[in-house]
Amino acid sequence: MQSLYLEQRTWLHAWRPGLKLLCVAAMGSGLFLTDALPVLLLAAVGCASVFLSLGRVTPGVRRLVVSVLIAASLVAGFHALMGQAALGVASAARLMAMALLGVSLTLTTRHNALLDVFEWLLAPLARLGVRVDRLSLLLALMMRFIEHFFVQWKRLDDAHRVRTGRAGGWRLLAPLTIQMLVTARRVADTLHLRLGP
């Protein structure tokens, strides 16, 4: 599977993976524990600044960020139509902040590093008989497939633009679903052969 990892070193690459995950978890918890609009807007601006500070990214990542901005605008617009403009802005700010922070984490952290952090965090469960290595692998695969989803979406959209000159939109849903299912089956078969039943 392809990766969105940014090979060009940035200041965020130097941070330890565990510290970055801790920041994402703390920010996520804080954003949902407060309803103060100024705080949420400040957090969204801060997360956007972190993302922009990483420099140039691939077109696929830019398209992903644009889709997040569109989704946030739709959320805010829907709430505004329902007469809840403040709630809409707060929800959009939360969505933008966490999405941009998650993308920044993905761009600057290798998956094997995240896997090591998961194994360390889950290590106490080994005393209860839990297969920590497999559980951490499941978490890492979940994050990898989310990233792979957007990579495949970009490839299909690029191919559709070359053929038709227009964005694929909802027409990409069926081929994207098929490709993701095929990839999931291939990964499952590989894991079955390597790890056993």
Requested in this report: Within segment 148-181, work out how many residues are closer than 19 Å to Ala71 by Cα and touching a residue at least 12 places away in the same chain (Cβ under 8 Å).
Outcome: 8
Requested in this report: Taking only segment 16-26 into account, find how many residues are over 14 Å from Leu101 (Cα atoms) and open to solvent by less than 70 Å² (accessible area, probe 1.4 Å).
Outcome: 1
Report task. Sort out which residues of segment 27-60 are open to solvent by 60 Å² or more (accessible area, probe 1.4 Å), farther than 20 Å from Gln8 by Cβ and either of a type outside the set (Phe, Trp, Tyr) or touching an Asp or Glu at 6+ places or on another chain (Cβ under 6 Å) (or both), and write them in order of number. Result -> Met27, Ser29, Leu33, Asp35, Pro38, Val39, Leu41, Leu42, Val45
Report summary line: For Asn112, the lone unmet condition from (1) touching a residue at least 40 places away in the same chain (Cβ under 8 Å); (2) open to solvent by 50 Å² or more (accessible area, probe 1.4 Å) is (1)
Query - Unique match (being buried (at least 17 other Cβ atoms within 10 Å of the Cβ), on the phi < 0 side of the Ramachandran plot and not aliphatic (A, V, I, L, M)) among Ser104, Ser73 - result: Ser104
Requested in this report: Considering only segment 151-174, state which residues are closer than 30 Å to Leu114 by Cα and open to solvent by less than 60 Å² (accessible area, probe 1.4 Å).
Outcome: Val151, Gln152, Lys154, Leu156, Asp157, Asp158
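With a cut-off of at least 2 residues that are closer than 30 Å to Ser49 by Cβ and modelled with pLDDT of 85 or more, name the helices (runs of 4 or more DSSP H) lying wholly within segment 63-177.
By residue number, 85-108, 111-122.
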Report summary line: Given the conditions (1) in contact (Cβ under 8 Å) with a residue 24 or more places away in the chain; (2) farther than 24 Å from Val65 by Cα; (3) open to solvent by 60 Å² or more (accessible area, probe 1.4 Å), every one holds for Leu95 apart from (2)
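The values are calculated or read from the model by the stated rules, or taken from the named source; none is laboratory data. Note that this is a predicted model, so its numbers are computed, not measured. Note: ideal-geometry Cβ built from the backbone for every residue, glycine included; neighbour counts use all protein chains shown. Heavy atoms of the whole protein, side chains included, go into the accessibility calculation; ligands, DNA and RNA do not. Shrake-Rupley method; radii C 1.70, N 1.55, O 1.52, S 1.80 Å.
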